[in-house]
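For reference, the structure discussed in these notes is given below.
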Ligand code: HEM
């Protein structure tokens, strides 16, 4: 019968058996997939109950569907109010992330328990796929390369120590001379081409770290280190923000990262650029070292330390590159924010001018020695750091090295823990009328001053053991530059063709985790003929003094020419 059936086009017994087996296998696969999903969702629900409050997660996608397209820090501030808790949990895919929204909780968790919150979470895209890796174990199969993303541990300590040898608090006083000179050049440049003020700030910031790192100044706003590197940093900072473009899939299902890169060309194209960037900084370092191995600069120190710490090529590259990556976009964006604040809040200027005119006068610009007497100017600088902090979600996330507890809630080991600096600096309780730029809140006896959990009164540079390595350099440079710009110019809104002021928007910022104001026009008017003469005299002298750092980089020319050809 079976033979007859088969010859008539009916399935044979073996066919029926095979298709039943296939169905069974498929059913088993589906059942085990479903069981896995249910188990995973049960894990999510269990954690949801134990962790700080937040919206109910869905299986697999968590709360991802709730994420706004851009600037999620506003949304997390709202969530914190909605759940009446300064610390909230938000599920990005299958992973819980914790967002800290006020200064007291940030201080309790990230400062007082600095030893616990000293690590970084696993970052599949930004550390593993870029080839940087995160292990802090020097004997790991694939050790970490960059201190910014490295897990807390032995290798991270070596990188942190080396970075501090370059830009630590003890070191940065030595840089005051050329940092001050580069800041004088900003004022001189703005006098001559005020419409390019952003490029002047960027040149200044890049030049300071370039002298520290490579003993070579960045003398032109056309230098590719500005036009290319800062642009790449801005793009990378946008991608790192959880939102529409955040490569959530890889973080949620890390195994996907092992699939062929050709399946995700849009992501891997960007990562390729980043890899080339890593080679680029090594080439620059090697060039500076070969030119003058005895010259005192950071990369020469790194080459000296290389045998002691067994530094790999990629590590030298990342240590040198971090000066630009972490230090140039952040410092220049802070100065752009300062300029916006002057345009939007002209009423704060007369008080700071009164102090600068009294302490400094019109015949020379402010100096480091004036600092103790420039009390209001220092309050002004603090308010610049607070008002629109550049690292608006505190840079990279922290992660606890062991399970932790906060207010009876659990925060498991390795949890992505982010200080929402926007919310921290925008809290009415600590900073009444927070969108108003108001240096008075940093004056001790002012009725607008409020207690804060740290002495500085802001959390712009992060927390605990991962606090910004370049904080001293950035604070000292921002102080001298803001003081000089305030002394030199009346910075105002631009005028249109009819002579009316063009309004500025204090909410119009870029979307990256290092944000800056969207381009806006403004007016720089020198405050007096005596001040103009002083800016010109000091600017010329500064350029002369800085000429010892002038020089071309063939490696850089080659790299950017090659890149242009490839593009
Ligand atoms: C206004 C300027 C700057 C701001 C607002 C800023 C802010 C930050 C923030 C918020 C972090 C993360 C801290 C944390 O995880 O708790 C950070 C880390 C870091 N910053 Fe800065 N930064 C600035 C300038 C600089 C400069 C000039 C350098 C070096 C030349 C630098 C080097 C670093 C490094 C190496 C890290 C990683 C530290 C680690 O993970 O251990 N930064 N910065």
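The values are calculated or read from the model by the stated rules, or taken from the named source; none is laboratory data. The model shown is predicted, which means the values in this text are computed figures rather than measured ones. Cβ: placed from backbone, ideal geometry, glycine included. Neighbour counts: every protein chain shown.
Tabulated data for the structure shown
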{"quantity": "Segment 54-95: number of residues that are farther than 23 Å from residue 36 by Cβ and touching a strand residue (DSSP E or B) at 6+ places or on another chain (Cβ under 6 Å)", "calculated": "7"}
{"quantity": "Matching entry among 250, 281, 246 (being surrounded by 18 or more Cβ atoms within 10 Å (Cβ to Cβ), part of a loop (DSSP other than H, G, I, E, B) and modelled with pLDDT under 90)", "calculated": "246"}
{"quantity": "Failed condition for residue 167, given (1) within 30 Å of residue 531 (Cα to Cα); (2) at pLDDT 95 or above", "calculated": "(1)"}
{"quantity": "Residue that is surrounded by 11 or more Cβ atoms within 10 Å (Cβ to Cβ) and either at pLDDT below 95 or over 24 Å from residue 364 (Cβ atoms) (or both), where the choices are 567, 533, 483, 555", "calculated": "555"}
{"quantity": "Residue match in segment 382-404 (condition: outside any loop (DSSP other than H, G, I, E, B), modelled with pLDDT of 95 or more, farther than 22 Å from residue 460 by Cα and in contact with a strand residue (DSSP E or B) (Cβ under 6 Å, 6 or more places away or on another chain))", "calculated": "yes"}
{"quantity": "In segment 352-366, residue farthest from the ligand (Cβ to nearest atom) [restricted to those that are in contact with a helix residue (DSSP H, G or I) (Cβ under 6 Å, 6 or more places away or on another chain) and not in a loop (DSSP other than H, G, I, E, B)]", "calculated": "359"}
{"quantity": "Residues of segment 437-464 classified as buried (at least 18 other Cβ atoms within 10 Å of the Cβ) and either within 24 Å of the chain's Cα centre (by Cα) or within 16 Å of the ligand (Cβ to nearest atom) (or both), total", "calculated": "10"}
{"quantity": "Filter result for the condition that a residue is closer than 16 Å to residue 242 by Cα and out of contact with any strand residue (DSSP E or B) (no Cβ under 7 Å at 6 or more places or on another chain), over 125, 98, 148", "calculated": "125"}
{"quantity": "Test set (1) within 13 Å of the ligand (Cβ to nearest atom); (2) touching a residue at least 12 places away in the same chain (Cβ under 8 Å) - residue 545 fails condition number", "calculated": "(1)"}
{"quantity": "Which listed residue, of 216, 203, is out of contact with any strand residue (DSSP E or B) (no Cβ under 8 Å at 6 or more places or on another chain), away from the ligand (no atom under 14 Å from the Cβ), part of a helix (DSSP H, G or I) and within 20 Å of residue 470 (Cβ to Cβ)", "calculated": "203"}
{"quantity": "Those residues of segment 331-351 which are in contact with a helix residue (DSSP H, G or I) (Cβ under 7 Å, 6 or more places away or on another chain) and within 10 Å of the ligand (Cβ to nearest atom), in sequence order", "calculated": "331, 332, 334, 335, 337"}
{"quantity": "Within segment 465-477, considering residues that are more than 6 Å from the ligand (Cβ to nearest atom) and surrounded by fewer than 23 Cβ atoms within 10 Å (Cβ to Cβ), the one nearest to residue 381 (Cα to Cα)", "calculated": "475"}
{"quantity": "Qualifying positions in segment 87-109 - part of a strand (DSSP E or B) and under 16 Å from residue 41 (Cβ atoms)", "calculated": "89, 91, 92, 95, 96"}
{"quantity": "Test set (1) in contact with a helix residue (DSSP H, G or I) (Cβ under 6 Å, 6 or more places away or on another chain); (2) crowded, with 16+ Cβ neighbours inside 10 Å; (3) outside any helix (DSSP H, G or I) - residue 414 fails condition number", "calculated": "(1)"}
{"quantity": "Selection from segment 28-67 of residues that are in contact with a helix residue (DSSP H, G or I) (Cβ under 9 Å, 6 or more places away or on another chain) and in a helix (DSSP H, G or I)", "calculated": "64, 66"}
